[in-house]
1. Round to the nearest 10 and give me the degree value, 0 to 90, for the angle of helix 94-113's Cα axis relative to the longest principal axis of the chain.
2. Using θ = phi - 60° and the Karplus curve 6.51 cos²θ - 1.76 cosθ + 1.60, what whole-Hz ³J(HN,Hα) does each residue of segment 232-238 get, with Gly and Pro shown as x?
3. Could you give the size of the charge dipole of segment 111-244 about its Cα centre, using +1 on the Cβ of each K and R and -1 on the Cβ of each D and E, expressed in debye and rounded to the nearest 20?
4. Excluding Gly124 itself, what net charge comes from residues whose Cβ is under 15 Å from its Cβ, given Lys and Arg +1 and Asp and Glu -1?
5. With θ set to phi - 60° and the Karplus curve 6.51 cos²θ - 1.76 cosθ + 1.60, what are the ³J(HN,Hα) couplings of segment 169-174 in order, to the nearest whole Hz, using x for Gly and Pro?
6. Which ³J(HN,Hα) values in Hz, rounded to whole numbers, follow from the phi angles of segment 53-59 under the Karplus curve 6.51 cos²θ - 1.76 cosθ + 1.60, where θ = phi - 60° and Gly and Pro get x?
7. Helix-derived [θ] at 222 nm for the chain: sum -39500 (n - 2.57) over DSSP H runs of at least 4, divide by residue count, nearest 500?
8. Output the 0 to 90 degree angle, nearest 10, between the alpha-carbon long axis of helix 140-152 and the longest principal axis computed from the alpha carbons of the chain.
Amino acid sequence: MTRALYRDDFYLSTAEGTVTAVHEDGAIELDQTCFYATSGGQPGDTGFLERADGTKIMLGQTRHGETKDIILHVPQDGEVRPDVGETLTLHVDWPRRYRLMRMHTACHLLSVVCQYPITGAAVGEDESRVDFDMTDVIDKDEVTARLMRLVDENHPVFVTWITDEELAANPDIVKSKNVRPPVGLGRVSLVSIGENSSVDSQPCGGTHVSETQEVGAIHIAKIEKKGKENRRFRIRFGTSAESA
């Protein structure tokens, strides 16, 4: 089992971890990590692991193992393998992680503006998409204006915790139709926006900024029809004029 330090501190970009296993494909397992593993539409972190002599092990991806409580750090081709029991210093690619945090929070804000069941989502560094089960016609500039209103109001973003049993007893708090929040670890994180969760609260295991103004300028670049009852919203950083 890997202790996921990022679950309690999204801004932790450096930590120490002890190697507990090195798999045949080179994936490195640690006792604890600040690296986020690919899950729920958010890509895993990249960065590097630093040995005591200063040697860097560059990582190509971070993913889960056979179960969600195992996190594997996958080196790029040709990187050296550490020894089991060795203590490494972990360095997350922070600029990339922070963009993903901003984007993931923007996706939550979009689910506030567009209150329809979510059928799919993918968080990216420059563009994210959220698919909704909807048939209504909606103007992308109007959605952008409502999103930026929430950003500019600078609502706090924070995490509270409920048990797996509490989530099972309240299934309606899950907005996604196809992706279920991570369970099996004993507790589930609720990402809340606004004082006393006044804007939103939903189960999510991803990483997020601490206040909405950190999201910065965002806009809906496109709304695509992906089926009779499915609309895909593409979110990008900046203003629509800047990306034109």
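1. 30
2. Result, rounded to whole Hz: 9, 9, 9, 9, 10, 6, x.
3. Rounded to the nearest 20 debye, it is 560 debye.
4. +3
5. Residue by residue, segment 169-174 yields 7, 10, x, 5, 6, 8 Hz.
6. With the stated coefficients, segment 53-59 comes to 8, x, 4, 9, 10, 6, 9 Hz.
7. Taken over the chain, the calculation gives -5500 deg cm²/dmol.
8. Taking Cα atoms only, the helix is inclined about 60 degrees.
Since every read-out is calculated from the coordinates, none of them should be taken as a lab result. As the structure is a prediction and not an experimental result, all values here were calculated from the model. Please note: Cβ atoms are built from the backbone with ideal geometry, for glycine as well, and neighbour counts cover all protein chains shown.
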